[in-house]
Each structure stands twice: as C-alpha cells, then as structure tokens.
Amino acid sequence: MIQKCVYWNSKNRCKFCGIELSLQAGATLALKTPRQLAETAKKARETNKIKHLVLTNGAVNPSRRGIAYIADCVRQIKKQVNIPVHVQIEPPEDAAELEEFKDAGLDTIGLHIESFDMDILARIAPAKAAFGLKRYESAWRKAVQLFGPNQVSTFLIAGLGERMESIVDAARFLGQAGVYPFLVPFRPIPGTAMADKTPPDPDAMLFLYEKVSDINQQNGMSSRQSRAGCVRCGACSALAEFEKW
Ligand code: SF4
C-alpha cells in the first residue's frame, strides 16, 4: 500500500529491507489508493481465483495515520470482494489503535519483531529494537484478543547472526500467547546493506523447523488454520511442510 518507510533515509533503516528499491526503480507506486487496491483484488479474484490477500507497507508516523489509511484500504477491498485479508504493520504505541482494523473487517495481522536476540536486532533493525519487547507484547496480546489465536503472527528471521536458542525460546513465548511464530530463512535482497550475506545453513534450518513446528503443535497452531497472509501462503518458509499432524 505504502511503498515508503519513515526509517528509510535514516540510520534506523532495517538492514535486510528493500522496500523503497522497487520504487526507486520505477517498478511500483509510492502510494496505492484504496480504490486501486479494491479494483485489483476484484480482478485477481475473477481471473486468478485468489483466496486471500496480503497488504504490506512501510512504517508510517504517527501510526494512527497509517492505521486509518490501511483500514480504509481493507474496507474498500472487502466491499468489492469477499476474501480474507491480512495486514502487516509495526506495533502501534497504543495497542487499542488496532481496534480500527477489526472494525474494518480485517482477518489476520502480522506484527513483526524479526528476532528475539536483542543485540542482533539492535544492529540489524534498530527501530524495532528501540520499541522493545514490551510494545510488541502488548500489540500481540491485543491483536490476539481481536482476531483470535493463530490469526496473529510475527516473522522470526533465521540467519541474522542470532543465537539459535533465541528462536526456540521465542516460539515458546509467542505460542503461549496465541501468536504464530513464522520462521523464515534470511534471504539477501540485492541492493540492500545485507546483499552479500549468505542464507542460513540448511541443517540449521532443518533443526529449527522441527523444533518450532513441534512447539506449534503443542500450542495447537498450524499454518492451515491461519485465514490469510504469509503464514497461510507459506512460500517464504518450509515450516508448513513440518506440520504433519
Ligand atoms: S520498518 Fe519495515 S519497511 Fe521500514 S525499513 Fe524496517 S522492514 Fe523495511
């Protein structure tokens, strides 16, 4: 929706992120209007039978303004086509702001901390680290109240240099709160500060997928129970392949 991020031209930009690269390359629009998105969703449903929709954007300041815009996009899309919709945003300062999404008819939400290894997070995604776990936790808990368990997720990116236990501990902590830990391997994006870094070792991913999927099973969560979004799609992660129960 919004192809710009308030952190892009600052030292707080997330080092793995390429949000404005496609904009600089002229491959997209800075802002997609609710109407454009609704028309596109309708067309995609008619022609490609899409079953759910993911809406992403950069960070907006203040968060209230971003949430109002995104909620309007959700409302317009839902008016045109009846499919589950997923939104990804940073956790607002006041978690109650998330209620606007519920009113708009949103189905699932991603509030992405990326890593529970706070030293790594401070180096790779300083703005997210500055929020601290408390702000994420309060947003996750409010979101689970609004959308239900398994319908709220966070990315956990493996391969940023974090301690492996931080991912397993995170999955336990999140699962108990009803938040789906969406484990993904780091993939370097050309043009970003981490373009020359390598993805994590496949054996390390195998170990993590097994651990995290076991924890999800214990918590009664699975990708297929998610109504919309990255967890349901699963193209960026093999986690769903380990959910055999
Ligand atoms: S906050 Fe989101 S959009 Fe902004 S730099 Fe970080 S990952 Fe990219």
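Every read-out reported here was derived from the displayed coordinates using simple, explicitly stated rules and does not represent laboratory data. Just so it is clear, the model here is predicted, and its values are computed rather than measured. Positions of Cβ are generated from backbone atoms using ideal geometry, with glycine treated the same way; all protein chains shown enter the neighbour counts.
Remarks
- Each part reduced to its alpha carbon centroid, region 207-245 and region 57-101 end up 25 Å apart.
- Cα-based reach from K49 at 18 Å (exclusive), listing aspartates and glutamates while leaving out same-chain residues under 8 positions away: E39
- Ranked V212, V6, criterion: other C-beta atoms within 10 Å, fewest first: V6, V212
- Each stretch of four or more DSSP H residues adds -39500 (n - 2.57); spread over every residue of the chain, this sum gives -13500 deg cm²/dmol at 222 nm.
- Treating r as the C-beta distance of E93 and Q145 and R0 as 22 Å, the FRET efficiency rounds to 0.80.
- Spatial extent of the chain: Rg and Dmax, with the Cα atoms as the point set, Å: 17.3, 47
- Set of lysines near K42 by C-alpha distance (under 23 Å), chain-local residues within fewer than 8 positions excluded: K32, K51, K78, K79, K102
- For region 1-136, share of DSSP beta bridges that run antiparallel, in % to the nearest 5: 10 percent
- Site pair T47 and N12 shows an inter-label distance of 3.9 nm when each label is modelled 7 Å from Cα along Cα→Cβ.
- Placing a label point 7 Å from the Cα of A195 along the Cα-to-Cβ direction, the residues of region 13-39 with a backbone N closer than 20 Å are 13-28.
- Packing-based exposure ordering (other Cβ within 10 Å, fewest first) of D117, D203: D203, D117
- The ranking of K11, K43, K78 by Cβ neighbour count inside 10 Å, starting from the fewest, reads K11, K43, K78.
- Cβ-derived FRET efficiency at R0 45 Å, F173 paired with A27, nearest 0.05: 0.75
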